[in-house]
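Enquirer: Dropping a structure here in structure tokens format, bear with me for questions.
What follows is calculated from the coordinates using simple rules that are stated; it is not laboratory data. Keep in mind that what you see is a predicted model, and the values were worked out from it rather than measured. In this analysis, Cβ positions are derived from the backbone assuming ideal geometry, glycine residues included, and neighbour counts consider all displayed protein chains.
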Amino acid sequence: MPEPTRSLTMDEALLRRMAADAAVYSLTRPWALVMWAALTAGLVVSILNVSGAEADAGPLVTWMPVAVLALAGYAVWLTVASARRAVRAAMPAGTTVWVSLDTTVLRVGAGTRTSELPFDTFRSLRAGRDAVLLRLRSASVVTAIPRALVSDEDLARLRAAIG
């Protein structure tokens, strides 16, 4: 028998905070950490080249640290924008969102849409401050639900079921 359904109405502030949780999750994934390590190494090497370069080294060597920092900033901006777009598409502001947990199924509704997701659909779970992010087994995408709708007991149950 399903637990009582909890619901809330999405607002802009919650959408921004959920998107921030999703962006942090994306920017700290293993492949993202590899990217950050490569960008850091590129920055260090480019700074060493600038400090050791002769006066006639040219503008490419001089501007390389700036280019690496710009690339890192663009990666962060792109990730945050993508997370905001995804969260807003799934749960627009003003939409009533609800969550219900059964013994083996997570039910999520936003407006007139409803999803019924068996626990074995998920590979992992990460609870942020404002969003619970559930990574799907068959893809590298995540499902985000408002943290306020999931109790600590629900999180523990989900973690135990997901493994």
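Enquirer: Measure nothing fancy, just the Cα-based angle from helix 59-90's long axis to the longest principal axis of the chain, in degrees from 0 to 90, nearest 10.
Expert: 10 degrees
Enquirer: Using θ = phi - 60° and the Karplus curve 6.51 cos²θ - 1.76 cosθ + 1.60, what whole-Hz ³J(HN,Hα) does each residue of segment 143-156 get, with Gly and Pro shown as x?
Expert: 9, 9, 10, x, 4, 4, 8, 10, 6, 4, 5, 4, 4, 4
Enquirer: Per-residue HN-Hα couplings for segment 25-31, Karplus 6.51 cos²θ - 1.76 cosθ + 1.60 at θ = phi - 60°, whole Hz, x for Gly and Pro?
Expert: These are the phi-based 3J(HN,Hα) values: 4, 5, 7, 10, 5, x, 5 Hz.
Enquirer: Related question: So how far, in whole Å, is the C-alpha centre of segment 110-163 from the one of segment 1-46?
Expert: The two parts, judged by their Cα centres, are 14 Å apart.
Enquirer: Mind checking which of Ser124, Ser115, Ser100 has the largest fluctuation in a GNM of the chain, springs on alpha carbons under 10 Å?
Expert: It is Ser115.
Enquirer: Let me ask something else about it. Expressed as a fraction of 2.2 N^0.38 Å, the rule-of-thumb size for a compact globular protein of N residues, what is the C-alpha radius of gyration of the chain?
Expert: 1.37
Enquirer: Where in segment 11-29 is the amide nitrogen less than 19 Å from a point lying 7 Å along the Cα-to-Cβ axis of Ala75?
Expert: Within reach of a label on Ala75, which here means backbone N under 19 Å from a point 7 Å along Cα→Cβ, segment 11-29 contributes 20-29.
Enquirer: Right, another one. What list of ³J(HN,Hα) couplings, whole Hz, do you get for segment 131-136 from phi and the Karplus terms 6.51, -1.76, 1.60, once you set θ to phi - 60° and write x for glycine and proline?
Expert: Values, residue by residue: 9, 9, 10, 10, 8, 6 Hz.
Enquirer: Could you please report the charge total around Arg123, scoring K, R as +1 and D, E as -1 over all other residues with beta-carbon less than 15 angstrom from its beta-carbon?
Expert: Numbers: positive: Arg29, Arg126, Arg135, Arg137, Arg159; negative: Asp120.
Once positives and negatives cancel, what remains is +4.
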